[in-house]
Each structure stands twice: as structure tokens, then as C-alpha cells.
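Since the structure comes first, as C-alpha cells, the remarks are kept for the end.
A short reminder: the numbers here are calculations on the coordinates, not readings from a lab. Here the structure is a predicted model, which is why all the values come from computation and not from measurement. Quick reminder, even Gly has a Cβ in these numbers, built from the backbone with ideal geometry, and neighbours come from all protein chains shown.
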Amino acid sequence: MKKLLLVILALLAGSVFAQDKPLTVGVIYIGTANDYGYNRAMKDGVEAMKKALPAVSVLEAENVPETAESERIMSAMISKGAKLIMATSFGHQEFANSLARSNPGVTFVHAGGWMIRDNFGTFFGATQTAWYALGVAAGHMSKAGKAGFVAGVPIGYVVGNINAFQLGARSVNPKFVTRVVVTGGWSDKVKEAAAANALIDQGADVLTMHVDSPATVIQIAENRGIYSIGFQSVEARALAPKGWITGLGFNWAPYMTRTAQEVMAGTFKGKMVREGLKEQMLVLAPFGDAVPQPVRDAVNATAAKIADGFTPFKGPIKDNTGAYALREGEAMTNADMGKFDWYAEGIVGRVR
Amino acid sequence: MTWTLVAATLAASVAAGTSLLYAALGETLGERAGIINLGVEGVMLVGAACACAVASSTGSPYLGMLAGAVAGVVASAPFAYAVVDRAANQLASGLSLLFLGFGASALIGNPFVGALIPPLPSVSLRMPLGEGAAAVRVDFLVAAALPLAGLVAWLLMGTRWGLRLRAVGENPVAAFAAGCNRRRLQYEALAIAGMLSGLAGAHVALGVAYTWAEFMTGGRGFIAIALVMFARWNAWWAVAGALLFGAAEAAQLQLQAGGVDVSPFLMNMAPYLLTLALLPFTGKAGRLAAPAALGRPYRGVE
């Protein structure tokens with residue numbers, strides 16, 4: 001009888017401890033984690049997850065290239081006991097996926113891809129619709145009605161961001177013009193600087209960008225006394241105390257925390273997760289001091305509208321050659337966001 | 001409109017051309033002494049990283065600039081030892097230096113990614129053309145660029161030191177027989193070259209980008225090497241070449257901003273097409289102008 005009681009007690013204790021069974025999470029970054037950009041946002045998410053879940057310990061590796069090297073680093077993390085791997089750059093996908101196949105006991109999540117298996121999920125922010133709110137901010141703040149957009153490489157997702165920005169700006173100012181300069185790389189700082197200057201020379205009084213780190217473009221805008229809007233990490237505000245309007249940042253903490261909890265509870269199932277302002281995977285950065293209250297209200301209202309399901313990509317929309325890109329009744333959904341090959345009316349630039 | 005574009009392009013070509021000129025002037029000295037260094041890009045990156053690190057830590061961009069110069073010399077030292085004292089293959093040693101520079105700069109710069117970097121103070125000189133807001137931003141390194149080119153030209157062509165240096169680059173055995181200290185001259189040339197490459201990187205970081213990012217020099221070290229050949233190992237021609245390449249790069253970005261209807265991908269190729277298009281025409285004359293012993297390890301006795 002006594003023995004039985006002990007066994008039951010032990011089982012109970014076991015199950016209680018099982019609840020708090022420690023989980024080791026391995027995270028790989030493509031770059032350095034404090035870049036005021038993409039990697040910084042990922043790192044902030046990981047830190048918040050660690051804080052929320054004391055049972056989680058984290059192994060991290062920065063500057064992991066999108067090559068077979070990443071597979072070796074992830075393998076090493078698994079052999080050190082990692083049961084959840086977060087591969088945070090697009091090109092890590094196939095390597096994480098091949099490891100997921102050979103390690104069914106380990107869960108993988110990957111940022112921005114499409115592959116899915118039972119132990120392999122994909123996550124990303126639905127940035128395109130959210131950029132509309134930044135366009136509204138630019139439309140209100142720009143006196144000249146001209147914005148400049150420094151883009152790394154004009155892939156469909158980037159073009160979608162630019163289009164939403166322009167559509168948002170035009171919703172405020174029907175004559176708004178956005179000029180786009182493509183630098184051809186995600187981190188060529190000399191070209192980003194020259195592009196930012198060129199856009200200001202052409203009369204833009206708001207600059208924004210889609211490159212790895214917004215630091216150069218924002219600082220040039222600040223030095224030349226014009227407004228800037230950031231993207232990737234909301235912390236970039238520190239670079240432009242005078243001209244900062246707002247920005248769009250990733251907030252990975254809720255998703256990462258939820259995923260770690262699911263893995264610990266054994267309920268994880270790989271799926272495609274694309275969330276936006278509504279689920280707070282994307283957040284607007286704090287407004288700069290220069291932004292008056294009515295503008296803040298308008299931008300916040302737009303963000304709330306987007307969170308409620310509003311999409312700017314609903315016909316009729318004309319492209320910048322005057323042809324209809326979307327006709328009345330046509331719309332683009334979240335799954336189409338990589339397919340943009342046209343610029344909306346009022347954008348100066350060419351996709352190809 | 002057109003003049004505005006021209007003015008803005010000229011202004012931007014100064015910013016983009018300055019780092020090219022520093023690196024090209026350094027490489028000119030080295031090559032005149034018979035040593036080709038393919039690692040310029042790596043040295044520039046180390047200079048940029050150290051400039052950011054020191055400028056950010058001390059708050060002084062000028063200290064950062066000095067750090068870039070010193071770092072350039074230090075980073076070039078192993079290369080200099082290998083090719084001057086050990087007669088190692090210059091191409092292989094240069095490539096090793098390149099990759100060493102990639103790694104070292106990433107390591108040094110890592111804590112300073114995203115750090116606030118105080119930029120080099122500058123004055124804006126408004127372009128006298130067009131109606132745009134285009135202005136040349138003149139900082140210390142921009143202001144010093146032309147005098148520096150003059151100094152390098154004078155050192156090479158107007159001093160006994162330059163004469164000896166060129167003799168070593170043309171025919172080290174004869175130079176030795178004439179009493180030149182080859183080893184010392186080559187070390188001196190490579191030290192100055194390292195310093196100038198480091199300053200080139202410092203200008204990218206503190207004068208143009210105001211931040212540190214890995215590989216931020218974007219291949220400019222290689223363009224500088226091409227420039228040296230294009231400029232026929234002449235310091236004044238290097239100024240023209242640096243401005244021309246800077247203008248090609250600036251023009252394509254200005255044209256995009258101005259809304260010219262050409263593919264951005266095509267325009268991004270323009271500066272490199274220009275380089276490729278110009279090099280064949282410098283080829284024949286270039287071969288005559290090239291230091292005769294360029295790239296050859298010294299096998300004589302000392």
C-alpha cells in the first residue's frame with residue numbers, strides 16, 4: 001500500500017515536472033542581431049520568449065549563411081539538445097527542411113518560406129497591407145507630396161510594400177508621388193546613401209526604405225532635414241530624433257512564445273502562419289515628436305481598419321502606365337503578395 | 001531638369017569617388033613598387049570597421065578616421081611580410097588578405113552594428129547648376145583628396161624616393177645594384193597604401209554611410225585596382241577615373257530617382273560596363289606604362 005502510494009506520488013510529481021520540462025531552442029540569424037533591422041527584430045522576439053517562459057533556454061548563432069553551413073550549425077544545436085529550431089532567414093529553408101525530415105523528434109519553424117511538414121512550420125508578417133498605414137502617415141506629413149523609396153531588390157513582396165505605401169499616401173493626397181530607387185543589393189551602403197541623396201535632390205521630403213538595415217537612409221534624411229519612415233525594427237527611431245514619423249516593425253514575441261509552448265505541450269503541428277497588425281505580429285513604431293495628434297489618430301485608425309481586414313489591393317487599381325492592374329471586383333489575397341510585377345499609379349520607377 | 005540632374009550627379013560622384021581615389025592612390029604606390037595587392041577591399045573593410053568602432057566609442061569621428069588609417073597599415077602588415085620578405089605569390093597573398101579582411105572586419109564591427117556613429121563634420125557647397133537642392137558635402141577627407149593626389153604624384157615623380165621606388169618596380173635587380181634598398185622601399189609603399197585603403201574605408205563609414213554593415217564597401221576595393229590600371233599608374237589620372245566611376249554609379253541612381261524609363265537592373269550594371277569598356281583601350285598603352293616587375297617576387301640577392 002505504501003509502495004503504491006509512493007508510485008502514485010512519483011507519477012504525479014513526474015507529470016508536474018513534465019509541465020516545466022526545460023526546452024532548448026536553437027535560433028540562427030543571417031546577420032548580426034543588433035542591426036536596427038530584420039535580425040534585431042528576431043532577436044527581440046527571442047529575448048521576450050525567454051522572459052515569458054523560464055523553462056526555455058536558447059542557443060543562438062549569428063551570421064549563419066544561407067548555405068549547407070546552416071545545416072551543420074543547426075545539427076550541432078540539435079546534438080546539444082535543441083528540440084525547437086528557429087531558422088530566421090529565407091534561404092535557410094531547404095536546409096532546415098532536410099534536417100526536419102531526418103529529425104522527426106525536433107520541431108522547426110522558418111521565416112518567410114512555403115515548405116510545411118508535421119514538424120516544420122513557416123511564419124511571417126503580412127507586411128504589404130500594413131504598409132498602407134505608413135503611406136497614410138507620409139501622405140499627411142509630406143508638404144511636397146513626394147516621397148522617396150530606397151529598395152534593395154524589387155522582388156514581388158517589396159513591390160507590394162511600395163504599392164501599399166503609395167495607395168495609402170494617395171488616399172490622403174490624390175497627387176502623391178513616390179519615387180523608387182533600386183540599389184541592387186540588400187546592404188550596399190554607399191549606393192543606399194547615394195540613392196537617398198538622389199531622392200532628396202528630386203524633391204522628396206519623406207524617405208523610406210526596404211533594405212536590411214534602415215540606418216543609412218534614415219540618417220541621411222535626418223541630416224538633410226527631411227522626414228523618415230522606418231521598416232523592420234521599431235527601434236530605428238533613435239537614429240532620427242527630429243524627422244522620424246513612424247515605422248513598421250516585426251514583433252515576433254507572441255508567435256515565438258506560442259510555438260515554444262506548443263512544442264513543450266506536444267501539440268505543435270506545422271502550418272503556414274501569416275499574421276499582421278491584427279495579431280500584432282506587425283506593430284507600428286512609436287510616432288516621432290514631429291507628428292501632430294490628428295495625424296497620429298488618422299494613422300492609428302488606418303492601422304485598426306487594416307487589423308479588421310481592410311486590404312488596399314482591391315480593384316480598380318491602375319498601374320503607373322495607366323493600364324488597369326486590378327479591375328473592378330478583382331482583389332489580391334495574402335497568398336498573392338509575392339506576385340506584384342507592377343507599380344501603382346503615381347510611382348516613378350520600373351519593376352524590371 | 002537636365003542641369004539639376006547633372007549637378008546632382010556631379011555632387012554624388014564626389015561622395016562616391018573619394019573612397020575610390022584614396023584606395024586607388026594607395027594601390028598606385030604599391031604597384032609602382034612592383035607589388036599588386038588584390039586585398040584592397042579587405043583592408044578597406046577593416047579600416048571602416050575600426051573607424052566605426054573608435055568613432056562610436058570615443059564620440060570623435062576624427063579619432064575614428066585615424067583608427068581607420070592605423071588599422072589599414074596593421075591589416076596590410078602580414079601581406080607585406082609575405083610578399084616583400086618571403087617572396088610569396090602576390091595574387092594568392094592578396095586574396096588571403098581579402099578574406100582575412102572580410103572576417104576581421106565582421107568581428108571588429110560586430111558590437112557596433114546599429115551603433116550611433118558620429119559622422120565626419122562637413123560643409124555643404126551648393127552646386128551652381130540647376131534648381132535642385134544638390135550640394136557637395138565636403139568633409140575633411142574630401143577636402144584632402146586633391147592635395148593628396150598632388151602629393152602622391154609629387155612623391156612618385158618629383159622626389160628621389162619616388163625615383164628609387166619606380167626603379168624597384170621596373171627592375172629590382174638593377175635598382176639593387178644602384179644602391180636602392182628594395183625591402184625598405186616596398187615596405188614604405190605598402191604602409192602608405194595600407195593607410196590610404198584604411199582611410200578609404202573610414203570615408204565610406206564616417207563620410208557616406210554613417211553606420212557599420214558587413215561588406216559595406218560593396219566591391220569598391222576591386223574597382224580601385226581596375227582604376228589604377230585605367231589611370232596608367234598616374235595619380236592625376238586616378239582622380240579623373242575615380243570621378244568618372246563615381247559619376248557612373250551616381251548617374252544611374254539619379255536617373256532612377258528622376259524617373260528615366262530604363263530597367264533598374266540594366267542601370268545597376270552601368271558602372272561595371274563602363275569599367276570593362278574602358279580597360280581594353282588602356283590595354284596597349286597600359287602594358288607599356290605598367291611597372292615591368294609588377295607581380296613578380298624578387299629572387300635576387302641582397
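Scan the range B:253-282 residue by residue and report those that are under 25 Å from B:ALA143 (Cα atoms) and at the interface with chain A (Cβ under 9 Å from one of its Cβ atoms).
Listed by number, the residues that qualify are B:LEU253, B:GLN254.
Of all residues being of a type outside the set (Gly, Ala, Ser) and within 19 Å of the chain's Cα centre (by Cα) in the range A:314-352, which is nearest to the other protein chains (Cβ to nearest Cβ)? Just the residue, please.
Top of the filtered list is A:PHE340.
Among the residues of the range A:180-216, what is the count of those that are at the interface with chain B (Cβ under 7 Å from one of its Cβ atoms), hydroxyl-bearing (Ser, Thr, Tyr) and buried (at least 24 other Cβ atoms within 10 Å of the Cβ)?
Qualifying residue count, the range A:180-216: 2.
Need the failing condition index for A:ALA221 against (1) within 12 Å of chain B (Cβ to nearest Cβ); (2) out of contact with any Gly (no Cβ under 6 Å at 6 or more places or on another chain); (3) assigned to a helix (DSSP H, G or I); (4) crowded, with 24+ Cβ neighbours inside 10 Å, just the number.
Among (1) within 12 Å of chain B (Cβ to nearest Cβ); (2) out of contact with any Gly (no Cβ under 6 Å at 6 or more places or on another chain); (3) assigned to a helix (DSSP H, G or I); (4) crowded, with 24+ Cβ neighbours inside 10 Å, A:ALA221 violates only (2).
For the range A:142-152, does any single residue satisfy the condition of being away from every other protein chain (no Cβ under 14 Å) and touching a Ser or Thr at 6+ places or on another chain (Cβ under 6 Å)?
There is no residue in the range A:142-152 that is away from every other protein chain (no Cβ under 14 Å) and touching a Ser or Thr at 6+ places or on another chain (Cβ under 6 Å).
What do you reckon, is A:GLY139 of a type outside the set (Ser, Thr, Tyr) and under 30 Å from A:PRO292 (Cα atoms)?
So A:GLY139 passes the test.
Which residue is nearest to the chain's Cα centre (by Cα), if the candidates are limited to the range B:215-232 and must be within 13 Å of chain A (Cβ to nearest Cβ), buried (at least 21 other Cβ atoms within 10 Å of the Cβ) and assigned to a loop (DSSP other than H, G, I, E, B)?
B:THR217
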